[in-house]
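One structure is given here, and the rest of the page talks about it.
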Amino acid sequence: MKILVIAEQRQGKWNNTSFETLVAAQQIAAVSSATVSALVIGKGVASLAAELATKNVAEVLLVENDLLDSYTPDGYCAALKQVIESAKPDLVLFPHTYQVRDFAPKLAAMLGKGMVGDCVGFRSEGGKLVFVRQMFQGKTAADVTFTGTAPWFVSFQSGAFRADQLAGHPGGKAPVNVVAVSVNAADIRTKPLDLFKEAKSAVDLTQAPLIVSIGRGIKAPENIAQAEALAKAMGAELAASRPICDEGWLPMERQIGSSGQTVAPKLYLALGISGAIQHVVGMKGARTIVAVNKDQNAPIFEIADYGIVADIFEIMPALTEELQKAKG
Amino acid sequence: MNILVCIKQVPAKDAPLAIAGNWIKESDIGFEMNEPDSYALEEALRLKEKHGGEVIALSLGPERVKQTIKEALAKGADRGIHIADDNFAQLDPLGTAKVIAAAIAKEKVDLVLTGLQSDDHGFGQTGVLLAALLNLPHATLIMQIDVQEAKMKLKRELEAGWFQWIECPLPAVLTIQSGINKVRYATLKGIMAAKKKEIAALTRESLGVTVEPTQKIEKIYVPTKSKKTEFLTGTPKEAAAKLVEKLKFEARVI
């Protein structure tokens, strides 16, 4: 079996989830006697290909074209379709990034194939690969298998594999093979313009040692004061899951999750947060996780060190009082 | 500007889920409009208010999903399309998109909108696949749409606080990022008006679509825990006191 990992870069910088996906590929290869190749696509990315070649891969494919300088779904799909048709991998792996969500399903469809997206793991059962993904906002896991013939397309969620387990190349360096692709400017229908960040955020949650975070369970903006009081008593920063910021109850800069900030504080106290995957990827690196939720089946408890199954409106004032008492 | 919005009906957020094979028992639980799709619907209604045209709300699923189409009509969509399918949960992302694309191909629309993903299957592929199947340009995770003649200027969300402006010609398919707008409620007048609006009934068969699955959900199950959670019990005061004790002396984080 041949596995091809499509690594992701933007403006010459890696998306580090690419390396986690490479680890996934190495682990799949170990149980299925497969070879792993890695691919980098763009313009002027030969140095990135050289870096990939130091990892334990059979070869690195370097796909360069002037029209691939900036990412477009049309350009990437046109180029990668040609590469997949010539390299003939059985399994094509992607990091589940926003960019991959934007083009990978289309690429698979152009080849008449399907994609299993946002996987958190895999198993090999009797020679058949089973991919595990989440459904119902993380409340259930699903075992998914491919039907039909290769190539199969899979993306892995950020944090599903550990990049520090990436094996280096045993012989020093894998060969880098340039794959020529033809891309027509007329086929690229969208035009990427400026990249930008919104006004620089005043708070840097990534540096906060203690975070109190609120989710849908807070119910109404007027209830946020209770969480603020608790955060103050603890000396913590206040953060939130996406729905709270979507509602405008807290500014976007306080959002934790795949579309917000990724944090790894000493303590993360999740109040009324169910634990949808988009949120969990932003905080699961916290050293200690405490969850308070009235639903004992909420997925947040799967990653919590301490849990309280209760109404947050009863716990918030009680905890504020206990913290003040503890401080003396 | 004629806009077709794809909306899915999903289990209500607080619905207790009982697993049955590779889906859930549908009896005894409530359903609601998939939240990400409600942002797409709202965006469609706003574009219509600004540029004229009509908004068509399309949903694939069993009889129950008509309620969600009616909700869209009550909010201001002009007509609905229901692709009746009791086996929708067994369709893979490509199959789902093939059925919906066949229905869209019968319409003359300038823009197709979807939410970024559904809260049940969570495939997050339908919009992109519709674009591929209908041979339309697309963009995902859109936070702002400015229509300019035959093209749009779009604000696309990237990761870690980054955004990008892109230009996209019309017609096109866009998936809308949650939070792009503030979703409206249906008014009583809207609910009354919706009663007179048409909901066309289609099926896979009437559309002449056959699908061959590329993947199969073997089973779904409650995920195994990656950590052992210590549950703190008692009255709120007792639980809070225990937690402070644990955080201070066991985890030593405060």
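Taken together, the values in this text are just the output of simple stated rules run on the coordinates, not laboratory data. Everything numeric here is computed off the predicted structure, so don't read it as measured data. Using ideal geometry, Cβ is built from the backbone for each residue, glycine included, and neighbour counts are taken over all protein chains shown.
How do A:Trp152, B:Trp165 rank when sorted from fewest to most other Cβ atoms within 10 Å of their own Cβ? List each step's numbers first, then the result.
Working: A:Trp152 24, B:Trp165 16.
Taking fewest neighbouring Cβ atoms as first place, the list is B:Trp165, A:Trp152.
Counting other C-beta atoms within 10 Å, which of A:Tyr71, B:Tyr221 has the fewest, and how do the rest follow? Write out the running numbers ahead of the final one.
Details: A:Tyr71 21, B:Tyr221 12.
With the fewest neighbours first, A:Tyr71, B:Tyr221 line up as B:Tyr221, A:Tyr71.
Using only atoms on other chains, find how many Cβ atoms lie within 10 Å of each Cβ of peptide B:111-120 and report the average.
On the way: counts 0, 0, 0, 0, 0, 4, 5, 3, 5, 5.
Counting other chains' Cβ atoms within 10 Å and averaging over B:111-120 gives 2.
Taking chain B as a Gaussian network, where each spring joins two C-alpha atoms under 10 Å apart, which residue of B:Lys197, B:Lys25, B:Lys242 fluctuates the most?
Highest fluctuation among the options: B:Lys242.
Calculate for chain A the 222 nm mean residue ellipticity that helices alone would give, adding -39,500 (n - 2.57) per DSSP H run of length 4 or more and normalising by residue count, nearest 500 deg cm²/dmol.
Numbers: 8 runs with 87 residues, N = 328.
About -8000 deg cm²/dmol.
Taking 0.36 nm per residue of sequence separation and subtracting the Cα-Cα distance, how much length would be gained by fully extending the chain between A:Lys325 and A:Arg162, in nm to one decimal? Numbers along the way, then the final one.
On the way: separation 163, 0.36 × 163 = 58.68 nm, distance 4.04 nm.
So the chain would gain 54.6 nm between A:Lys325 and A:Arg162.
If you count, for every residue in A:238-250, the Cβ atoms of partner chains within 10 Å of its Cβ, what is the mean? Intermediate results must be reported in sequence, preceding the final value.
Numbers: counts 0, 0, 0, 0, 3, 4, 0, 2, 9, 3, 2, 0, 0.
Counting other chains' Cβ atoms within 10 Å and averaging over A:238-250 gives 2.
For the stretch B:3-207, what's the relative contact order in percent, using C-alpha pairs closer than 8 Å and at least 6 residues apart? Numbers along the way, then the final one.
Details: 427 pairs, mean separation 52.9, N = 205.
26 percent.
Sticking with the crude label model, points 7 Å out along Cα→Cβ, report the distance from B:Glu245 to A:Thr149 in nm, one decimal please.
It is 6.6 nm.
Hey, what does the equivalent ellipsoid look like for the protein assembly as shown, semi-axes from the Cα gyration tensor as sqrt of 5 times each eigenvalue, largest first, whole Å? Let's see the in-between values first.
Working: eigenvalues 261, 208, 107 Å².
Calculated on Cα positions only, the semi-axes equal 36, 32, 23 Å.
Taking the number of other C-beta atoms within 10 Å as the exposure measure, put A:Asp194, A:Asp69, A:Asp305 in order starting with the fewest. Can you show the working numbers first?
Values: A:Asp194 8, A:Asp69 15, A:Asp305 21.
In order of increasing Cβ crowding within 10 Å: A:Asp194, A:Asp69, A:Asp305.
When only alpha-carbon atoms are used, what values of Rg and Dmax, in angstrom, describe the stretch B:3-207?
16.3, 50
By its C-alpha gyration tensor, with a ≥ b ≥ c as the square roots of the eigenvalues, how is the stretch A:42-186 shaped: rounded for a/c under 1.5, else prolate for a/b larger than b/c, else oblate?
On the way: a/c = 1.74, a/b = 1.28, b/c = 1.36.
Cα axes put the stretch A:42-186 in the oblate bin.
Quick one: compute the contact order of chain A, relative version, from alpha carbon pairs under 8 angstrom and 6+ residues apart, as a percent. Each step should come with its number before you reach the end.
Details: 677 pairs, mean separation 49.5, N = 328.
Normalised by residue count, the contact order of chain A is 15 percent.
With +1 on each Lys and Arg Cβ and -1 on each Asp and Glu Cβ, how big is the dipole of chain B about its Cα centre, in debye rounded to the nearest 20?
540
Taking each residue in A:143-156, count the Cβ atoms of any other chain within 10 Å of its Cβ, then average. What number comes out? Please report the intermediate quantities before stating the final value.
Working: counts 7, 8, 4, 5, 6, 5, 1, 0, 0, 2, 2, 1, 1, 0.
Shielding by partners across A:143-156 averages 3.
With angles folded into 0 to 90 degrees, how steeply does helix A:73-87 sit against the dominant principal axis of chain A? Use alpha carbons for both and round to 10.
The helix A:73-87 is inclined about 50 degrees to chain A.
Enter the angle in degrees (range 0 to 90, nearest 10) between the Cα long axis of helix A:224-234 and the first principal axis of the Cα atoms of chain A, meaning the one along which they spread out most.
On a 0 to 90 degree scale, this one is about 90.
Report the gain in length on full extension from B:Glu107 to B:Ala18: 0.36 nm times residue separation, minus Cα-Cα distance, nm rounded to one decimal.
Values: separation 89, 0.36 × 89 = 32.04 nm, distance 3.79 nm.
Stretched out fully, the B:Glu107 to B:Ala18 stretch lengthens by 28.2 nm.
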